[in-house]
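Written below as structure tokens is the structure these notes are about.
Please treat every number below as a calculation from the coordinates, not as lab data. Everything numeric here is computed off the predicted structure, so don't read it as measured data. Using ideal geometry, Cβ is built from the backbone for each residue, glycine included, and neighbour counts are taken over all protein chains shown.
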Amino acid sequence: MSFTDLITRTPKEVYFLIFGAVAVSLILGFIKKFFRDLIKQRKKSRKESQKTHEKQLKKLDKVYGTYNIAKVDKMTGQEFELFVEKLFRVLEKDKILKTEFTPATGDQGCDLIIHYRDGARLGIQCKRYASKVDNKAVQNIVTSKALYGLTLMMVFSNNLYTPGAQEAARANRVELVDRNMIIKMLNRYNAVLRTLHAKP
């Protein structure tokens, strides 16, 4: 709008334009501040969450020490999720960019997300079960694929899987980690820790 256009308008129109410009400026300033505060809050929340996570891991290590499958069987569901995350952080540390736990409630079937340096995103459904895991666990992780933008899917359990779960996993390209595989991972994990502790 030119100066000529402005002086030809009535005082009422001029006031309206000025008021509108001020209102828009205030609204934009408020929106900018809102998102800036939101980003700060999220960063703070992530830091606090990571601190809590590290404390939980230290507590887990203090309780269980060196891991074996018998100790894994005694874990709570939350401890099992922490344990799975730690296994990946130790065994695939050079490949992983970061790890992320989904909300405790409403996770839509995915407990843990592993972000790899090559851009892959692995979603894991953790199941510490006293009996065989059925195909519901596979269906849950498949459901969460689009929600979390997963490129890889896995169900991780201290037990074995029913034939139905195995069939569903093959059909949906879901990797199943069972009791026997965990025992092998534990052997590797304990070997890595022994190597680290042996270094001067």
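With a cap of 15 neighbouring Cβ atoms within 10 Å, and only residues DSSP puts in a loop, list the GluC sites (Glu not before Pro) found in the stretch 67-113.
Glu92
Hey, quick one: spin label on Lys71, modelled 7 Å out along Cα-Cβ, who in the stretch 167-187 has an amide N within reach, i.e. under 12 Å?
186-187
Per residue of the stretch 91-97, what does 6.51 cos²θ - 1.76 cosθ + 1.60 with θ = phi - 60° give for ³J(HN,Hα)? Whole Hz please, x for Gly and Pro, Karplus curve as stated.
Result, rounded to whole Hz: 6, 10, 4, 6, 9, 8, 8.
As I understand it, the dipole of the stretch 66-198 uses +1 on the Cβ of Lys and Arg and -1 on the Cβ of Asp and Glu, about the Cα centre. Which of Ile182, Gln108, Ser144 lies farthest toward its positive end?
So the residue we want is Ile182.
Which one of Ile124, Ala70, Ser157 has its Cα pushed farthest toward the positive end of the charge dipole of the stretch 66-198, where Lys and Arg give +1 and Asp and Glu give -1 at the Cβ?
The residue sitting most towards the positive pole is Ala70.
About the Cα centre, and with charges only on the beta carbon of Lys, Arg (+1) and Asp, Glu (-1), how big is the dipole of the stretch 66-198? Nearest 20 debye, please.
In debye, rounded to 20, the stretch 66-198 gives about 320.
Please give the per residue volume of the convex hull enclosing the alpha carbon atoms of the stretch 66-198, rounded to a whole number of Å³.
Spread over its residues, the Cα hull of the stretch 66-198 gives 103 Å³ apiece.
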